[in-house]
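Working notes for the structure below.
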Amino acid sequence: MKKIVLSLIACGALMSATAMDTLTSPDGQIILTFDLTPAGQPQYSVTYKDKQVILPSTLGFEIKDETPLTTGFKQGKPLFSSADETWAPVWGESDSIVNRYNQMIVPLTRKAGNDKRKMNIVFRAYDDGIALRYEFPKQQWKGFTITDELTRMALAGDHTAWWIPGDYDTQEYKYTRSRLSEIRAKSEDARMHNLSQTGFSPTGVQTSLMLKTDDGLYINLHEAALVDYPAMHLNLDDSTMTFTSWLTPDRDGNKAVVTTPFKTPWRTVMVSDKATDILASDLILNLNDPCVLDDTSWIHPTKYMGVWWEMISGKSSWSYCDAENFDLATFDYSKATPNGRHGANNENVRRYIDFAADAGMNQLLIEGWNIGWEDWSGKEKDYVFDFLTPYPDFDLDVLNAYAKSKGIKLMMHHETSGSIPNYEKYIDRAYDLMNRYGYDAVKSGYVGNILPKGENHYNQKSVRHYLECVKKAADKHIMVNAHEAVRPTGLCRTYPNLVGNESACGTEYQSFGGLPVSHVTILPFTRLQGGPMDYTPGIFSMNISEYAPGNNSHVNATVANQLALYLTMYSPLQMAADFPEHYAAKPDAFQFIKDVPVDWSKSVYLDAEPGEFIVVARKDKKSDDWYVGGVNADDPRDFTLNLDFLDPGKCYEATIYADTDDAHYLTNPEAYQITRRKASDSSVIKLHMAPGGGFAISLKEI
Ligand code: NOJ
Ligand code: CA
């Protein structure tokens, strides 16, 4: 049911340059003020419960070959409105989302020779934060090139920040927790190696950025609805603790080429005195347009396994042979000697299909099914993959038919090796092939530098490409999970076939040296704000060298922690990432992965602290069952779980998957215990979470 109240409040006479306009959140706790500086530059500030969140901060742009759109503005009378609607996502953390805000549009004009420039700033105040965007209405001025966006966010102190370094090409960084004033000194250490990376400033950071003030406010800075515009980073002036937007440039150094009418993405500031409010916030989704797809019946939450971890861990290979000086255009696979390590071979794939089907999985991802992996080494080569031709030992027809006979689908994989032109050349044929064989989901990837040379992963052109793929896929009823693409900004509301992105260090980094145990207690505050992550949880065997000799990396998590991730890392697409034989060795723990739903009618964040722990309860969309997950970082933690969120009057069987008292992510990671008991909304369960541990609970109605 949809109810929108739009009220327009006339606002008296034309405002003078110094008048202050105020916008208040529906609950009255957030107050945003706007005015023009004496020089005619737009500026705003924000308070929450009378505490300063954003000090007066100016807004504007640098424009190519034009006077900047900073000072000299005249303001018209603001237009106020409000909305209160409830909408139902196709999939999500809950089955209905309230979108309630007050809005103020500030019309601005600026003389430019004999012409004038029109620019509106739209402000929204929600109960959990504010957002602003620039709109350039239809006007004489047909278009322009933005060389810099100058959106400032002046913070009221030297807050604690959980950040990754600013980069035009990757978000695959571990988080650093530091004071804002320490970012500059820690920036170099924070920059771990990636096949494609382009930093820009020692005080540059990426969004979503999580902050905490000394007096207990949680603040989150991000953007929403990134369409036809470059991704925004933030650059800190650490003498004033002021962030300025920093857009990703194109190969000529320009930031965005726009045609009027045009609107930028939203710039967002979430704020609360409760960490759980940040996790529960729907601000980013609400700022995106409603779903534009008429038919969404073909979009479905998915649990999948994959011929994947064996390549990531180094046990097997993506490639069929070990050719040197490889050229796909001339290489003859029929004469090649197989390397004997190719993971995506018929026999192995059948083995996974059998296991995944028995386990009730929906899909099986197979990487390395297609020719070209011999050449895949980040060499900035245009033609590496054709996305069409299977390896000689991968029978596309037979394996798809076999999977179908077992009631599961194969999931397509398109590694583009960063060559956007090559992918665009093949994409229609590649999607058609998927339609022909009944694939309805693709994992795409953009490892290595973006081609053509000089372009970056997050500039305007690349951002356009990722969305075009999603739109094209929607036309062909294909769900998309894009790795190494731009980080999400809530576009899955508009295009719910965008079921996942990577855009952060996922489980694969457990095989590339390991992840800090705090990582999964930070991601929901940062990366997940924009949309679900294909984190690929569910590893049960933590010593990788036992199955991939030579790889001495260690999965820094306990088994119970891995189970909890199905709750704490919300996604409609969840992988059971480990090998069939590792699950077969721990069938009692694997039962949780089989049981856990991937779509929810309700979610309740019970307690959390970034970098320390997260506990969340979720109700299955298809039944009255509840599931609870808790993940923990470095310090052992006792947690008293009050089940008062359960539906009153109902009785449940609780199955509790927990760390043993001596479990530890390094020394004893596979030690778990499973207990059962009856539970109701008056029950309390005492839990212990090991370092790098957690717990997972299923509560099935009886
Ligand atoms: C990086 C992706 O994150 C990973 O999941 C994938 O297996 C490799 N690229 C190969 O495409
Ligand atoms: Ca990746």
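The values are calculated or read from the model by the stated rules, or taken from the named source; none is laboratory data. Worth saying up front: this structure is predicted, and the values here are computed from it rather than measured. Cβ atoms come from the backbone with ideal geometry, glycine included; neighbour counts cover every protein chain shown. Accessible surface areas use protein heavy atoms only, side chains included; no ligands, DNA or RNA. Shrake-Rupley method; radii C 1.70, N 1.55, O 1.52, S 1.80 Å.
Tabulated results
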| quantity | calculated |
| --- | --- |
| Index of the failed condition, residue 544 passing every other in (1) within 16 Å of ligand 2 (Cβ to nearest atom); (2) more than 24 Å from residue 207 (Cβ to Cβ) | (1) |
| Tally of residues being surrounded by fewer than 18 Cβ atoms within 10 Å (Cβ to Cβ) and within 16 Å of ligand 1 (Cβ to nearest atom) across segment 448-466 | 0 |
| Residues of segment 386-409 that turn out to be in contact with a Lys or Arg (Cβ under 9 Å, 6 or more places away or on another chain) and open to solvent by less than 10 Å² (accessible area, probe 1.4 Å), as a count | 3 |
| The lone exception for residue 424 - which of (1) in contact (Cβ under 8 Å) with a residue 40 or more places away in the chain; (2) away from ligand 2 (no atom under 16 Å from the Cβ); (3) open to solvent by less than 30 Å² (accessible area, probe 1.4 Å) it fails | (3) |
| Residue match in segment 432-439 (condition: more than 20 Å from residue 502 (Cβ to Cβ), of a type in the set (Asp, Glu) and in contact with a helix residue (DSSP H, G or I) (Cβ under 9 Å, 6 or more places away or on another chain)) | no |
| Single match in 583, 605 (criterion: at pLDDT 95 or above, over 22 Å from the mean Cα position of the chain (by Cα) and not basic (Lys, Arg)) | 583 |
| Some residue of segment 350-360 being among the aromatic types (Phe, Trp, Tyr), crowded, with 18+ Cβ neighbours inside 10 Å and over 28 Å from residue 473 (Cα atoms) | yes |
| Any hit, segment 237-244, residues being in a loop (DSSP other than H, G, I, E, B), on the phi > 0 side of the Ramachandran plot and buried (at least 17 other Cβ atoms within 10 Å of the Cβ) | yes |
| Lone unmet requirement of (1) within 19 Å of the chain's Cα centre (by Cα); (2) of a type in the set (S, T, N, Q); (3) more than 24 Å from residue 531 (Cα to Cα) for residue 260 | (1) |
| Considering residues of segment 112-121 that are farther than 15 Å from residue 61 by Cα and in a strand (DSSP E or B) only, the residue most open to solvent (accessible area, probe 1.4 Å) | 116 |
| Filter result (under 16 Å from residue 414 (Cα atoms) and either away from ligand 2 (no atom under 16 Å from the Cβ) or among the charged types (D, E, K, R) (or both)) within segment 477-496 | 478, 479, 484 |
| Single match in 588, 635 (criterion: surrounded by fewer than 18 Cβ atoms within 10 Å (Cβ to Cβ) and either closer than 29 Å to residue 175 by Cα or aromatic (Phe, Trp, Tyr) (or both)) | 635 |
| Residue that is farthest from ligand 2 (Cβ to nearest atom) [pool: residues in segment 143-182 that are within 19 Å of the chain's Cα centre (by Cα) and of a type in the set (Gly, Ala, Ser)] | 161 |
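Residues checked against (1) outside any loop (DSSP other than H, G, I, E, B); (2) within 16 Å of ligand 1 (Cβ to nearest atom):
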| position | (1), (2) |
| --- | --- |
| 482 | yes, yes |
| 487 | no, yes |
| 490 | no, no |
| 499 | yes, yes |
| 503 | no, yes |
| 520 | yes, no |
